[in-house]
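The values are calculated or read from the model by the stated rules, or taken from the named source; none is laboratory data. Bear in mind the structure is a predicted one, so any value in this text is a computation, not a measurement. Backbone-built Cβ (ideal geometry, glycine too); neighbour counts: all protein chains shown. Heavy atoms of the whole protein, side chains included, go into the accessibility calculation; ligands, DNA and RNA do not. Shrake-Rupley method; radii C 1.70, N 1.55, O 1.52, S 1.80 Å.
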Amino acid sequence: RSSLEVENPDDIQGSRNILTNEEIKELALGVFSSQGRVVTAQDYVNFSYRMPAQFGAIKRAAAIRDDFSPRRGINLYVLGEDDTGDLVVASQAIKDNLKTWLTQYKPISDSVDILDGRIINFGLRISMVSNVAYSTVETIAAAQQVAREYFERRKYNFGESINVSELTRILNDTEQVTDILKMEFYSLTGGSFSDVEYDFIRNTTADGRFITIPEDYVFEIKLFSTSITAEAV
């Protein structure tokens, strides 16, 4: 395409373009640093979020410069968002529009490939000791609610690890919980989930504090009522 085209709203994946507070802050800082032109890899991310919504919306973006490319190649990984707020692969129309949009601001010498990011949907099983002042039913409900609220606030970006120790601390601070015994993260695939299987055990750091992820992948948890389960003793 030689120009940006307004898409049929029914065909746009991610047209809601609702940003979290963290994303708004990142975008605002990027506007000042880029000064209206694309220079750094981070500028490609910032300008992706700034594409006018009528041409489609990018919900997640990560730019990785290919140091072996003779043309200063940039691999730009993107994802959109569906009407329920879940991450999805951006349509080809949106990716075409994004490439045209970036061409207006990037150096001629830069070569940009816009690629699909990979989504890792996951579930969580929590095992814990219940506070004797509460029933196990109350403890399970409280822990599931705390975990849900945590993940509703924590929207992961490309390459961002799961902070296991942070979530453990928050759950341990819950009144109904005496101690967290184990947290098991696992892949969810098929149906409304992505098709990406991920080895959470292998990608957990030696100290157990983080679960790492490649730069072109994003963690996402959804369908909280079935994706977060718990047991208490």
Revision key, fill the gap. Just one listed residue, out of ARG169, ARG153, ARG148, is among the basic types (Lys, Arg), under 26 Å from GLU81 (Cβ atoms) and at pLDDT 95 or above, and it is ARG148
**Study point:** Evaluation of ILE58 against (1) under 20 Å from LYS155 (Cα atoms); (2) at pLDDT below 85 (one fails), failing number
**Key:** (2)
**Study point:** Close pairs (7 angstrom Cβ cut-off, 6 or more residues apart or separate chains): in contact (Cβ under 8 Å) with a residue 60 or more places away in the chain and over 25 Å from ILE119 (Cα atoms) in the stretch 87-106, open to solvent by less than 70 Å² (accessible area, probe 1.4 Å) and assigned to a helix (DSSP H, G or I) anywhere
**Key:** TYR105/PHE47
Review point. Can you name every residue in the stretch 115-134 that is closer than 19 Å to VAL196 by Cβ, buried (at least 16 other Cβ atoms within 10 Å of the Cβ) and of a type in the set (A, V, I, L, M, F, W, C)?
Key: ILE119, ILE120, PHE122, LEU124
Practice item. Can you tell me which residue within the stretch 98-108, out of those that are part of a loop (DSSP other than H, G, I, E, B) and either closer than 13 Å to THR40 by Cα or at pLDDT 95 or above (or both), is most open to solvent (accessible area, probe 1.4 Å)? Key: TYR105
Check your understanding: Does the stretch 81-94 hold any residues that are among the charged types (D, E, K, R) and open to solvent by 20 Å² or more (accessible area, probe 1.4 Å), and which are they?
Key -> ASP82, ASP83, ASP86
Study note, to complete from the structure: Checked against (1) within 14 Å of the chain's Cα centre (by Cα); (2) surrounded by fewer than 16 Cβ atoms within 10 Å (Cβ to Cβ), SER225 satisfies every condition except (1)
Exercise for review: For TYR217, work out the one condition from (1) in contact with a helix residue (DSSP H, G or I) (Cβ under 9 Å, 6 or more places away or on another chain); (2) open to solvent by less than 50 Å² (accessible area, probe 1.4 Å) it doesn't fulfil.
Suggested key: (1)
